[in-house]
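Comments concern the structure below.
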Amino acid sequence: MKIALIYPPTCDPTGPYLSVPILTPEQIQADAQPEKNPFHDYFAGELADLLSCQSPDVIGISLAFPGQVQPGYALAYTLRQALPAAHITVRGPAITQMLVHLVAEKIPQVLGPFHSAVLYEGEEMLLMLVGMLANGHTLPRVLYGKQNTDLGLLPPPDFEGMPLDKYLSPELVLPYDPTRECYWGKCAFCHYGLSSQGTAVYRQRPIDQIFAHLKQIENRWGCRTVYFSQDAFAPRTARELSQKLRSAGSSLQWATDMRPEPGLTPECCRDLKDGGALSMALGIETASSRLLCLIDKGVFLKDMQTAIKNLSDAGIAVEAMCFTEFPTETYDVFRRFADTPRRTARPQKSSFRSKRFAVDRMVRAAGRHEAEIWHRLIYGSTSKSSEFGALRFVQQRLCSGITEKKEIKDHASASPG
């Protein structure tokens with residue numbers, strides 16, 4: 001059987017195109033119409049023509065982020081018309097979170113143009129789905145994958161058939177996943193989607209397997225730079241891999257996401273650099289010790305500052321990632337945070353990326369039930385009874401449908417700093 005896998009474009013889920021359509025299946029379908037879908041010409045033209053030439057039996061659409069939901073559904077509606085014989089399935093964290101919180105009788109309506117959906121981790125279940133179709137079996141609308149797939153049993157990524165020479169990059173950079181989920185897994189705001197709530201169990205491939213896969217990627221695709229696409233790379237694991245790469249005389253370079261841990265000592269950072277580390281994106285979140293405690297980050301501010309300095313001193317570029325407008329956050333707190341990379345890292349080796357913690361905008365695009373889900377996912381069970389008064393105020397506002405940003409901000413400003 002021929003299989004085509006598609007990763008749709010992403011739009012801002014709170015922007016003009018997507019802020020309303022994600023409310024109901026009917027609105028999703030209405031905004032998939034040609035006159036409202038900015039991607040229609042490409043979907044119905046070049047992409048549909050390309051797929052028609054290949055005549056795939058199965059088309060898999062991956063929805064990793066909420067911003068892909070509307071484009072993904074629009075694509076599925078288009079392909080149902082262009083390739084009526086193909087089985088169109090959907091998987092990924094975004095669709096998983098849409099379906100796991102629904103009662104069973106609502107799922108067929110929500111699936112809309114998709115013949116089936118694979119929830120949670122999909123590698124093994126997708127293979128099973130294809131086998132069932134090949135043998136003429138009737139598929140259920142929803143198939144449930146694992147939440148604890150053994151990464152040691154998975155093959156390396158295969159980029160065969162991809163137009164790798166057409167990416168707008170000075171040189172080829174390919175992704176690889178040495179680990180999955182987060183070994184800390186307690187941050188109150190964090191949710192990666194492939195579990196009912198919070199994060200799934202942390203797993204990592206054996207070091208020897210990671211090394212073998214990287215050599216295969218390097219030799220087969222002529223790739224000198226890899227991005228470790230994962231949620232968090234433990235310093236100990238990163239250091240062990242770096243030492244192995246250096247001992248083998250590898251010229252491979254890499255970058256990844258990490259937690260700003262005490263384990264990022266000067267000695268560790270030098271080993272990472274010697275083993276090919278180019279840059280680290282660190283989840284700093286905020287410069288407020290009080291907020292770090294409330295969100296259960298598990299790292300002290302001084303540890304973050306030391307990690308940034310040690311990485312930068314070793315010649316590894318640092319990107320500080322944060323949120324603004326955490327409930328009860330003040331402008332002075334944010335300003336201190338924005339100044340952290342400049343004070344602790346070399347200017348030419350640091351950058352700063354901020355994303356708004358937009359609870360009010362998310363809830364304006366959802367109903368009461370969804371607001372309660374978002375609150376559970378964001379705040380989890382880590383609330384401290386005395387410190388979360390302002391957050392409970394936000395919850396009450398969200399679940400009662402009152403989401404005026406000014407009211408929330410005014411209350412947050414009046415909370416203890």
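The values are calculated or read from the model by the stated rules, or taken from the named source; none is laboratory data. This structure is a prediction, so every number in the text was calculated from the model and none was measured. Cβ atoms come from the backbone with ideal geometry, glycine included; neighbour counts cover every protein chain shown.
Annotations
- Scanning region 264-277 for residues being surrounded by fewer than 16 Cβ atoms within 10 Å (Cβ to Cβ) and either under 19 Å from residue 319 (Cβ atoms) or more than 28 Å from the chain's Cα centre (by Cα) (or both) gives a total of 3.
- Scanning region 19-69 for residues that are of a type in the set (D, E, K, R) and touching a residue at least 60 places away in the same chain (Cβ under 8 Å) gives a single hit, 57.
- Elements of type helices (runs of 4 or more DSSP H) in region 230-328, at least 3 residues being among the charged types (D, E, K, R) and at pLDDT 95 or above: 235-247, 266-274
- Filter result for residue 168 (closer than 30 Å to residue 323 by Cα and part of a strand (DSSP E or B)): no
- Close pairs (6 angstrom Cβ cut-off, 6 or more residues apart or separate chains): closer than 18 Å to residue 238 by Cβ and not assigned by TED's automatic domain parsing to the domain that holds residue 306 in region 268-294, of a type outside the set (Val, Ile, Thr) and part of a strand (DSSP E or B) anywhere: none
- Total residues in region 130-168, condition over 19 Å from residue 2 (Cβ atoms) and of a type outside the set (Phe, Trp, Tyr): 22
- Verdict on residue 146 being basic (Lys, Arg) and within 24 Å of residue 176 (Cα to Cα): yes
- Within region 257-281, tally of residues that are closer than 17 Å to residue 231 by Cα and among the basic types (Lys, Arg): 1
- Against the conditions (1) over 20 Å from the mean Cα position of the chain (by Cα); (2) in contact (Cβ under 8 Å) with a residue 60 or more places away in the chain; (3) on the phi < 0 side of the Ramachandran plot, residue 328 satisfies every one except (3).
- Which numbered condition residue 61 misses (of (1) hydrophobic (A, V, I, L, M, F, W, C); (2) more than 26 Å from residue 147 (Cβ to Cβ); (3) buried (at least 24 other Cβ atoms within 10 Å of the Cβ)): (2)
- Residue pairs meeting the criteria (Cβ under 6 Å; at least 6 apart or on separate chains; first within 13 Å of residue 47 (Cα to Cα), in region 71-96; second of a type in the set (Gly, Ala, Ser) and assigned to a helix (DSSP H, G or I)): 78/44; 82/48
- Among the criteria (1) among the β-branched types (Val, Ile, Thr); (2) surrounded by 16 or more Cβ atoms within 10 Å (Cβ to Cβ); (3) out of contact with any Ser or Thr (no Cβ under 8 Å at 6 or more places or on another chain), the one residue 179 does not fulfil is (3).
- Filter result (in contact (Cβ under 8 Å) with a residue 60 or more places away in the chain and in contact with a Gly (Cβ under 6 Å, 6 or more places away or on another chain)) within region 142-185: 184
- Restricting region 246-263 to residues that are surrounded by 17 or more Cβ atoms within 10 Å (Cβ to Cβ) and hydroxyl-bearing (Ser, Thr, Tyr), the residue that is farthest from the chain's Cα centre (by Cα): 250
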